[in-house]
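Encoded as structure tokens, the structure appears first; notes follow it.
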Amino acid sequence: MTNKSHVQKVDVAILGAGAAGMMCAIEAGKRGRRVVLLDHAERVGKKILISGGGRCNFTNIHCRAENFLSENPHFAKSALARFTPSDIIALVEKHGIRYHEKTLGQLFCDRSAHDIIAMLERECAEASVRTVVGANIISVNRSEQFQVHTADTVFQSESVVVATGGLSIPKMGATGLGYTLAEQFGLRIVECRPGLVPLVLNAKDREQWCDLAGVSAEVVAEAGARSQRGSFREKMLVTHRGLSGPAILQASSYWHPSESVSLDLAPDVHVMAPLLLRNARRDTAAAINAIRTVLPARMAERWISIYPPDDWTNASLTMMEQQLHAWHLTPAGTEGYAKAEVTVGGVDTTELDAKTMQSRKVAGLYFIGEIVDVTGWLGGYNFQWAWASGVSAGLSA
Ligand code: FDA
């Protein structure tokens, strides 16, 4: 502590004023706890602002534990049951925020993600939460109580809630502080990697496909080891360096370096059926026409030039059919944290109590939101986890 530092006593110090931290602050404040909410950014909730293309996909009405990756797939159940999509919808409606379902149960603000921030700020004010932005957190120690040191203040608290988020989008303020604190207090961390992130193809595949950047198709993308394998039927987009689009982003969370990704480019369609009809033409033009029913013309033409059949026998057509339904690519990597929507991995859930998010080893220390090894699918699931884990901790801290 420097001479200039002054000490402030609070009940709960929350590190990180993102979705999880703000929700936790509201719940703890409503219980009469003296809460300080600290963030190093110049304003709260910066990731909320850029989320969902500026409209914040704040929940998913179909949210279940099955929509999350974790070493312990059951961990999220308790928090998700305590604070459900209906609860966040009720809060959004209480604040008169108009919203709509876009697709697959995804709820977005009609107007802007600013509405969600304003809602959280108003709730924080009503719960007497003190928010400090521009707070440079230097260290966190624990003796009888916790001491959170910032440049000019030491916050002495009974509880510390770490809500500093994941590593994705460093330019929006993501840091590794929460992981460092977890390690400092002896908590295990499940290795982190970027998730919901575009995949970069290897040099050969890039050369063959990436000049088609902008082309998209509905596919089933599958990735991951057998124990945790994800399969998603959505749009795929060819980019200048690889593949993106919702199907690929979803599968990327399950993908590990050097593994392949499997793509069904024609889900539920027997593409070559027209060529198998009696008296049907069997040549390149007929095959391209057939493939064009499932892929854009340029991609269909490219497909045939890269995978031309040996001949036009039934066996060759069957082989072509199979190839279209099981295209295996081994990406060179991902676009990394700079482009990832989330961080997969994080604080090991075996270290935490599933009802309260409190550390089993260190009384009064909590971890919530994206920093925990619970990662949602694309589509509002990550915010639902942030709200739910924030509420769980806020009811206990
Ligand atoms: P979050 O990252 O929101 O907050 C962490 C806070 O901690 C930040 O305010 C940060 O400044 C602060 N912090 C970090 N280090 C600190 C330090 N050293 N000192 C002090 N403060 C520190 N999800 C979803 O469900 N629907 C969606 O529409 C989207 N869209 C989306 C778009 C984009 C571009 C991205 C990158 C991500 C999404 N997500 C999403 C994911 C979602 O944004 C994410 O999972 C949640 O914001 C996680 O909430 P947290 O509160 O855990 O972390």
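The values are calculated or read from the model by the stated rules, or taken from the named source; none is laboratory data. Predicted model, so just to flag it, every value in this text is computed and none were measured. Cβ sites come from the backbone with ideal geometry, for glycine too, and all protein chains shown count toward neighbours. Side chains are part of the model used for accessible areas, which takes the heavy atoms of the whole protein and leaves out ligands, DNA and RNA. Shrake-Rupley method; radii C 1.70, N 1.55, O 1.52, S 1.80 Å.
Among the residues of the range 251-265, are any touching a Lys or Arg at 6+ places or on another chain (Cβ under 9 Å) and more than 20 Å from Ala340 (Cβ to Cβ)?
So far as the range 251-265 goes, yes, one or more of its residues are touching a Lys or Arg at 6+ places or on another chain (Cβ under 9 Å) and more than 20 Å from Ala340 (Cβ to Cβ).
Checking the conditions here, which among Ile97, Ile116, Ile89, Ile50 is touching a strand residue (DSSP E or B) at 6+ places or on another chain (Cβ under 8 Å), open to solvent by 20 Å² or more (accessible area, probe 1.4 Å) and of a type in the set (A, V, I, L, M)?
It is Ile89.
Does Lys361 satisfy being open to solvent by 60 Å² or more (accessible area, probe 1.4 Å) and touching a Ser or Thr at 6+ places or on another chain (Cβ under 6 Å)?
So Lys361 fails the test.
Test Ser5 against the criterion of being in contact (Cβ under 8 Å) with a residue 60 or more places away in the chain, away from the ligand (no atom under 15 Å from the Cβ) and surrounded by fewer than 19 Cβ atoms within 10 Å (Cβ to Cβ), and give yes or no.
Taking the combined requirement at face value, the residue satisfies it.
Is there a residue being in contact with a strand residue (DSSP E or B) (Cβ under 9 Å, 6 or more places away or on another chain) and free of Cβ contacts under 8 Å to residues at least 40 places away in the same chain anywhere in the range 53-70?
yes
Are any residues in the range 169-194 of a type in the set (Val, Ile, Thr) and either open to solvent by less than 40 Å² (accessible area, probe 1.4 Å) or over 17 Å from the mean Cα position of the chain (by Cα) (or both), and if so, which ones?
Result: Ile169, Thr180, Ile189, Val190.
Has the range 127-143 got at least one residue that is outside any loop (DSSP other than H, G, I, E, B), more than 30 Å from Pro194 (Cα to Cα), among the small types (Gly, Ala, Ser) and free of Cβ contacts under 8 Å to residues at least 60 places away in the same chain? Walk me through how you get there before you give the answer.
To start, the set of residues in the range 127-143 that are outside any loop (DSSP other than H, G, I, E, B) comprises 130-132, 137-142.
Those still in the list that are more than 30 Å from Pro194 (Cα to Cα) too: 130, 142.
Narrowing further to those that are among the small types (Gly, Ala, Ser): none.
No, the range 127-143 contains no residue that is outside any loop (DSSP other than H, G, I, E, B), more than 30 Å from Pro194 (Cα to Cα), among the small types (Gly, Ala, Ser) and free of Cβ contacts under 8 Å to residues at least 60 places away in the same chain.
Here is a list of conditions, (1) open to solvent by less than 10 Å² (accessible area, probe 1.4 Å); (2) of a type in the set (Val, Ile, Thr); (3) in contact (Cβ under 8 Å) with a residue 60 or more places away in the chain, and Ile248 meets all of them except one; can you say which number that is?
(3)
Just need a number here: residues in the range 155-180 that are more than 7 Å from the ligand (Cβ to nearest atom) and in contact with an Asp or Glu (Cβ under 6 Å, 6 or more places away or on another chain).
Adding up the residues that qualify gives 1.
Of the residues Ser227, Ser231, only one is open to solvent by 50 Å² or more (accessible area, probe 1.4 Å), farther than 15 Å from Glu341 by Cα and out of contact with any strand residue (DSSP E or B) (no Cβ under 7 Å at 6 or more places or on another chain); which?
Ser227
So in the range 133-166, with the set limited to residues that are open to solvent by 50 Å² or more (accessible area, probe 1.4 Å) and aliphatic (A, V, I, L, M), which one is nearest to Ile26 (Cα to Cα)?
Applying the first criterion (open to solvent by 50 Å² or more (accessible area, probe 1.4 Å)) to the range 133-166 yields 133-134, 136, 138, 141-145, 151-152, 158.
Now narrow it down to the ones that are aliphatic (A, V, I, L, M): 133, 138, 151.
On the way: Val133: 16, Ile138: 25, Ala151: 25 Å.
It comes out as Val133.
Kindly indicate whether Pro267 is in contact (Cβ under 8 Å) with a residue 60 or more places away in the chain and more than 24 Å from Asp311 (Cα to Cα).
Numbers: in contact (Cβ under 8 Å) with a residue 60 or more places away in the chain: no; more than 24 Å from Asp311 (Cα to Cα): yes.
So Pro267 does not fit the description; no.
Quick one: which residue in Asn67, Asn60 is more than 20 Å from Leu167 (Cα to Cα) and within 9 Å of the ligand (Cβ to nearest atom)?
None of the other options fit; the residue is Asn60.
Kindly state which strands (runs of 3 or more DSSP E) lie completely within the range 286-397 and contain at least 2 residues that are within 16 Å of the ligand (Cβ to nearest atom), in contact with a strand residue (DSSP E or B) (Cβ under 9 Å, 6 or more places away or on another chain) and closer than 30 Å to Arg241 by Cα.
342-347
Test of understanding: among Arg122, Arg111, which residue is closer than 17 Å to Ser51 by Cβ and of a type in the set (Lys, Arg)?
The conditions single out Arg111.
Could you check the range 16-45 and list, in sequence order, the residues that are near the ligand (Cβ under 6 Å from one of its atoms) and part of a helix (DSSP H, G or I)?
Hits for the range 16-45 are Ala19, Ala20, Gly21.
In the range 185-230, how many residues are assigned to a strand (DSSP E or B) and either among the hydrophobic types (A, V, I, L, M, F, W, C) or without any contact (Cβ under 8 Å) to a residue 12 or more places away in the chain (or both)?
Of the residues in the range 185-230, 10 are assigned to a strand (DSSP E or B) and either among the hydrophobic types (A, V, I, L, M, F, W, C) or without any contact (Cβ under 8 Å) to a residue 12 or more places away in the chain (or both).
Looking at (1) surrounded by 21 or more Cβ atoms within 10 Å (Cβ to Cβ); (2) farther than 30 Å from Lys94 by Cα; (3) away from the ligand (no atom under 16 Å from the Cβ), which one does His240 not meet, given that it meets all the others?
Condition not satisfied by His240: (1).
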